[in-house]
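Student: Just dropping this structure here.
The values are calculated or read from the model by the stated rules, or taken from the named source; none is laboratory data. Being a predicted model, the structure only gives us computed values, none of them experimental. Don't worry about glycine lacking a Cβ; one is built from the backbone with ideal geometry, like all the others, and counts go over all protein chains shown.
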Amino acid sequence: MTQVAPDRLYRRHRFPAEVIAHAVWLYLRFPLSLRMVEDMLAARGVIVSHQTVRLWVEKFGRRFANDIRRRSAGRLGDKWHLDEVVITIAGKKHWLWRAIDQNGFVLDVLVQSRRNTKAAKRLMRKLLKGQGRSPRVLITDKLRSYGAAKREIMPGVEHRSHKGLNNRAENSHQPIRKRERIMKRFKSARHLQRFVSIHDPIANLFHIPRHEISSDHHRELRTEAMQMWNEIAHLQAA
């Protein structure tokens with residue numbers, strides 16, 4: 001993969017790479033509003049508007065997320081949990097379809113206006129294209145659309161359909177629910193899709209299951225995640 005020189009990546013921006021990357025990291029790593037990030041930067045003597053932070057997130061956050069997604073291609077789990085949750089936007093229901101692996105890493109997300117077999121097939125096709133392989137096991141809730149879509153898209157894959165087996169996928173929606181409250185709802189389906197497409201790969205990078213490892217190992221993994229973030233954001237050479 002061709003590396004982008006730091007001076008080219010941050011060219012024509014008044015603030016240095018460290019400030020821009022830190023603002024993007026704050027907004028995407030924690031459930032903060034744009035104005036909260038603006039205030040946190042101001043406390044450190046960096047005066048920048050929340051609108052500028054938004055533009056940084058859209059430009060640099062997408063680039064960082066795409067880089068993380070490329071690096072993780074083919075390295076995520078082979079047991080896929082699929083789930084969907086309703087998101088109300090401007091009084092209209094939309095469905096956020098999400099797939100995660102057995103370790104809680106997000107595989108893909110797709111915002112759709114329907115909760116039917118056609119929508120389930122779109123998600124599965126997108127997953128197969130993005131992951132480049134079929135799963136060993138597919139786990140869903142009792143929604144019949146999953147079974148119908150699976151029989152057409154992934155006929156040879158084992159399918160386990162049970163409400164209690166899919167708690168991991170259902171819990172994966174919580175960060176977006178928090179964002180929905182902080183942002184006072186998403187403005188459009190496009191806005192939601194854009195946000196989750198940037199947010200989830202970066203959340204994957206910093207996803208460390210605390211309850212399964214020791215404190216020392218957790219700190220080591222956190223340090224490794226920050227080192228990779230610095231590399232992706234071109235901070236080491238900036």
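Student: Can you find even one residue in segment 131-143 that is among the charged types (D, E, K, R) and part of a helix (DSSP H, G or I)?
Tutor: The answer is no; no qualifying residue exists.
Student: Follow-up. Go through segment 61-115 and report how many residues are among the small types (Gly, Ala, Ser), more than 15 Å from GLN193 (Cα to Cα) and surrounded by 18 or more Cβ atoms within 10 Å (Cβ to Cβ).
Tutor: Of the residues in that region, 0 qualify.
Student: Right, another one. Sort out which residues of segment 154-188 are small (Gly, Ala, Ser), under 25 Å from LEU32 (Cβ atoms) and either at pLDDT 95 or above or loosely packed, with under 15 Cβ neighbours inside 10 Å (or both), and write them in order of number.
Tutor: Selection gives SER188 alone.
Student: Which residues, taken from segment 110-145, are among the hydroxyl-bearing types (Ser, Thr, Tyr) and either in contact with a His (Cβ under 7 Å, 6 or more places away or on another chain) or under 30 Å from GLY91 (Cβ atoms) (or both)?
Tutor: SER113, THR117, THR140, SER145
Student: Return a yes/no flag: does segment 193-201 have any residue that is closer than 23 Å to TYR10 by Cα, touching a Lys or Arg at 6+ places or on another chain (Cβ under 6 Å) and either modelled with pLDDT of 95 or more or surrounded by 12 or more Cβ atoms within 10 Å (Cβ to Cβ) (or both).
Tutor: Looking through segment 193-201, at least one residue is closer than 23 Å to TYR10 by Cα, touching a Lys or Arg at 6+ places or on another chain (Cβ under 6 Å) and either modelled with pLDDT of 95 or more or surrounded by 12 or more Cβ atoms within 10 Å (Cβ to Cβ) (or both).
Student: Inside segment 28-93, counting only helices (runs of 4 or more DSSP H) that do not spill past its ends, which hold 1 or more residues that are among the hydroxyl-bearing types (Ser, Thr, Tyr)?
Tutor: The helices (runs of 4 or more DSSP H) meeting that bar are 50-56, 62-72.
Student: If you don't mind, another one. Before we move on, is LYS150 part of a helix (DSSP H, G or I), without any contact (Cβ under 8 Å) to a residue 12 or more places away in the chain and of a type outside the set (Ser, Thr, Tyr)?
Tutor: The answer is no for LYS150.
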